[in-house]
Amino acid sequence: MSRRRRRNDWIPGAVITIIVIMLSVVFMGLLAMTKMIPTIYMLIIGIVLAVIAAIIWLLVWHTRYTGRFIGGTVLAVIMIAILAFGGFYINKTRSAISNISGETTEVTQMAVYVKSDDAADSVEATAGYTYGILSSLDRENTDGAVAHLNSQFGTEVQTKEYAGLTELADGILNGEVNAMLLNSGYLSVYEDMDGYTDFSTKIKEVGTVDVESTIQSAEESAPIEPITTANGGKVYTIYLSGIDTRGEMTAKSRSDVNIIATVNTDTHEILLVSTPRDYFVPLSISGGAPDKLTHAGIYGIDVCMDTLGMLYDIDINYYFRINFGGFVKVIDALGGITVDSDYDFTTQNSSGYHFTKGPNQVNGDQALAFCRERYVFSAGDRQRGKDQMKVIQGVINKATSPDILKNYLSLLDSLSECFETNIPYDVITSLVKQQLDEGGSWQVLSYSVDGTGDTQKPYSMSQKAYVMVPDQTTVDKAKTLMQKVRQGFMLSEADVSAQ
């Protein structure tokens, strides 16, 4: 009996070692699936895990050596815990990146509005109403919503067409129609129109009809390929759209931040070019009629990219949409960021945050106040655009530093609430892999185009409003700066500071 026990005393050790080996294989598989880890790191990690598994086997292969067996078992438990937690973090990372990447659809929220004192409290309650609709603006989405209502009510709804937003607003307020069917993105446009700034208080939303459309898929629709450099690196042109919506990230809305990022992975250089929201430029869908750039977002992210592509004579590879409201959580998860203020100022919001000229360590709320403020500056929206780029630069600096590891899980949890992109998963992971492989910091420079304030009638509005007529000199300079980054020239602060 004693000999049999001695003959079988290797079995517990074998079981322990097999468990460690199996978890190690699973861990390596998960690492490989992320596509982020350079080959040399994968090799090193694999060798380390194999050596540890061998040491564990040497310690636990016979239970009769009690001290060694206990020590080996403790080491095995520690390894199992590390592999389990590591696997959890890896899977969480893959899931977070997958959730924000490869977005292919966008939603237009067509809202049903009635007067604020109307008894209707749902879309169903408006059955039999006559709906006011726009005759030409955003007609495709309007027709889609009408078709949905026809199907929902089982009868053809009655509509009355209006030439513009003011006429439509007057129609419902004067009782010509009982309700109006309108892209919810237009509601904020009324705030910029004389006589209609309080229009939203005179109506109420009783429901929405979501019209889904397809964004050009970065993986399925043969997107414009990034430039390949002579050294095998890539140059990406990415549109950064900043919104402040409380709805879905995929919902169309005005784009208040419009930045073109030119990213050269060879030189580790990023150029951010900001275009003011009121820039008076033709939209890609307006037939040459100029409009405020911010209104492009009402018609979809594709229209924003195409419009900016026309302005700067460039091909934009991908977009990255940022919800600045949710951005607060990301900055807090990073442990705050550093922003470099051009001025000493106090924001005019309720919090009244004060910023000194030079570097400022800020949390999420402070960063949001910093990049929203415009009224204290003589340059107004121009300075706000610059400050928005400073916040983005601060996030990039923090995200590419070791400090990102401190609150890694909370950072991952916050990503899906404020980011979405059509950049494919493989492209994102290749950039992470390159950063891990090569290391080094990135140079981030910013430039803002300028213009002259004027009063004109934009394509999306029924009356004249404030616009910014582009200063072509600054637009041409932006084009030159982008081209230099694409060609691998390292820009200096002097290059982007002079107008």
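The values are calculated or read from the model by the stated rules, or taken from the named source; none is laboratory data. If you're wondering where the values come from, they're calculated on a predicted model, not measured in any experiment. Here the Cβ positions follow ideal geometry from the backbone for every residue, glycine too, while neighbour counts run over all protein chains shown. Just so you know, the surface numbers come from the protein's heavy atoms only, side chains and all, with ligands and any DNA or RNA stripped out. Shrake-Rupley method; radii C 1.70, N 1.55, O 1.52, S 1.80 Å.
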*asked:* Within region 479-487, does at least one residue satisfy the condition of being closer than 20 Å to TYR279 by Cβ and open to solvent by 40 Å² or more (accessible area, probe 1.4 Å)?
replied: yes
*Across region 108-137, what is the total count of residues that are touching a residue at least 60 places away in the same chain (Cβ under 8 Å), among the aliphatic types (A, V, I, L, M) and surrounded by fewer than 17 Cβ atoms within 10 Å (Cβ to Cβ)?*
1
*asked:* Please list, ordered by residue number, the helices (runs of 4 or more DSSP H) wholly in region 112-219 having 3 or more residues that are at pLDDT 90 or above.
replied: 139-153, 165-173, 199-202
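Taking PHE69, is it assigned to a helix (DSSP H, G or I), modelled with pLDDT under 90 and aromatic (Phe, Trp, Tyr)?
On the way: assigned to a helix (DSSP H, G or I): yes; modelled with pLDDT under 90: yes; aromatic (Phe, Trp, Tyr): yes.
Yes: the conditions hold for PHE69.
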*Return the only residue of THR93, THR105 being in contact with a Leu (Cβ under 7 Å, 6 or more places away or on another chain) and of a type in the set (Val, Ile, Thr).*
THR93
*Can you tell me which residues in region 463-478 are open to solvent by 30 Å² or more (accessible area, probe 1.4 Å) and modelled with pLDDT under 95?*
GLN463, LYS464, TYR466
*asked:* Are there helices (runs of 4 or more DSSP H) fully within region 308-415 with at least 2 residues that are closer than 30 Å to ILE90 by Cβ, open to solvent by less than 30 Å² (accessible area, probe 1.4 Å) and modelled with pLDDT of 85 or more? List them.
replied: 364-372, 381-399
*Name, by its number, the condition in (1) in a loop (DSSP other than H, G, I, E, B); (2) at pLDDT below 85 that does not hold for TYR459.*
(2)
_Can you find a residue that is in contact with a helix residue (DSSP H, G or I) (Cβ under 9 Å, 6 or more places away or on another chain), open to solvent by 60 Å² or more (accessible area, probe 1.4 Å) and not in a helix (DSSP H, G or I) anywhere in region 93-107?_
no
*Name the residue, out of ARG64, ARG68, that is among the basic types (Lys, Arg) and either loosely packed, with under 14 Cβ neighbours inside 10 Å or under 26 Å from LYS92 (Cα atoms) (or both).*
ARG64
*Determine, yes or no, whether ASN174 is over 30 Å from SER430 (Cα atoms), polar (S, T, N, Q), without any contact (Cβ under 8 Å) to a residue 24 or more places away in the chain and open to solvent by less than 60 Å² (accessible area, probe 1.4 Å).*
no
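I'm checking my understanding of the structure. Among residues of region 488-498 that are part of a loop (DSSP other than H, G, I, E, B) and not aliphatic (A, V, I, L, M), which one is least open to solvent (accessible area, probe 1.4 Å)?
Of region 488-498, the ones part of a loop (DSSP other than H, G, I, E, B) are 488-492, 498.
Cutting the leftovers down to not aliphatic (A, V, I, L, M) gives us 488-489, 492.
Details: GLY488: 30, PHE489: 115, SER492: 50 Å².
Ranking the candidates gives GLY488 first.
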